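A.B. asks: Quick one: structure below, then a few questions.
The values are calculated or read from the model by the stated rules, or taken from the named source; none is laboratory data. This structure is a prediction, so every number in the text was calculated from the model and none was measured. A quick note on method: Cβ atoms are made from the backbone with ideal geometry, for glycine too, and the neighbour counts reach across all protein chains shown.
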Amino acid sequence: MSKATLTISSKNNSSWSLRGWLLTKFSELPFTEKIIPPDDAAARAEILLLAPSMLVPCLIHDGHGVWDTMAITEYLNEVCPDAGLFPRSRAMRARCRSICGEMHSGFSALRSALPMNLKAHFPKFKVWSRAQADIERILTIWSECLAANGGPYLFGKKVCAADLMYAPVVTRFVTYDVKLEGQAALYAKSIMALPEMQEWIAAAKLEPDDIDELEAEF
């Protein structure tokens, strides 16, 4: 299988880069990273949710570019079907795609109020009401999936696309001291313990510069 290139931006601040990287890792498609520096104007715009369109991450494979994260997910599922990015059951695949899509297009209040920042920690962070509503919806999704499929991951014993799409949310909950209980807490620990997550976080902590605008309190 030919090698791919994945373009990403800040490992500390870019949730979409993390999603694309995790998806490519778990697809087992060989790839090299191309990193846009966090101080690049286009990268900053995307991280701060000011870009007209999200073009990072971008996967280049066999001469073709795929840059939307859901498109990357579907592409990887096609070229690496044995990786199992989606569950085997048709009903579970539909459910998985639905909650991936909800993550992809929703939760704008959470994104704005709790921007991804792996190097930071804000104990007793005050979450405003709209972001809290997003948190509650996410916890409902997790609870329903874990109850239906037995855990430890959203669709059973194997990590799938849904877990990778929600992984940056888990890091936000850690950064902003969002209290989790029961199954949700165990699920978050399982995601954070993934070797791939630990590899990403270790690299994020080596980044020299933070984006000052992300230190603002909402």
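A.B. asks: Which of the following residues is at pLDDT 95 or above, over 17 Å from the mean Cα position of the chain (by Cα) and not assigned by TED's automatic domain parsing to the domain that holds residue 182: 136, 144, 78?
C.D. replies: 78
A.B. asks: Kindly list the number of the only condition in (1) outside the structural domain of residue 26 (by TED's automatic domain parsing); (2) over 26 Å from residue 177 (Cβ atoms); (3) at pLDDT below 95; (4) not basic (Lys, Arg) that fails for residue 100.
C.D. replies: All conditions are met except number (3).
A.B. asks: Can you tell me which condition residue 177 does not meet? The list is (1) in a helix (DSSP H, G or I); (2) not assigned by TED's automatic domain parsing to the domain that holds residue 25; (3) not polar (S, T, N, Q), and all the others hold.
C.D. replies: (1)
A.B. asks: Filter the range 163-178 for residues that are charged (D, E, K, R) and either at pLDDT below 95 or crowded, with 21+ Cβ neighbours inside 10 Å (or both) and give the result.
C.D. replies: First pass over the range 163-178, keeping only residues charged (D, E, K, R): 163, 172, 177.
Of everything in the range 163-178, those that are charged (D, E, K, R) and either at pLDDT below 95 or crowded, with 21+ Cβ neighbours inside 10 Å (or both) turn out to be 163, 172.
A.B. asks: Does the range 144-166 hold any residues that are in a helix (DSSP H, G or I) and either among the aromatic types (Phe, Trp, Tyr) or touching a Phe, Trp or Tyr at 6+ places or on another chain (Cβ under 9 Å) (or both), and which are they?
C.D. replies: Matches in the range 144-166: 145, 146, 148, 149, 161, 162, 163, 164, 166.
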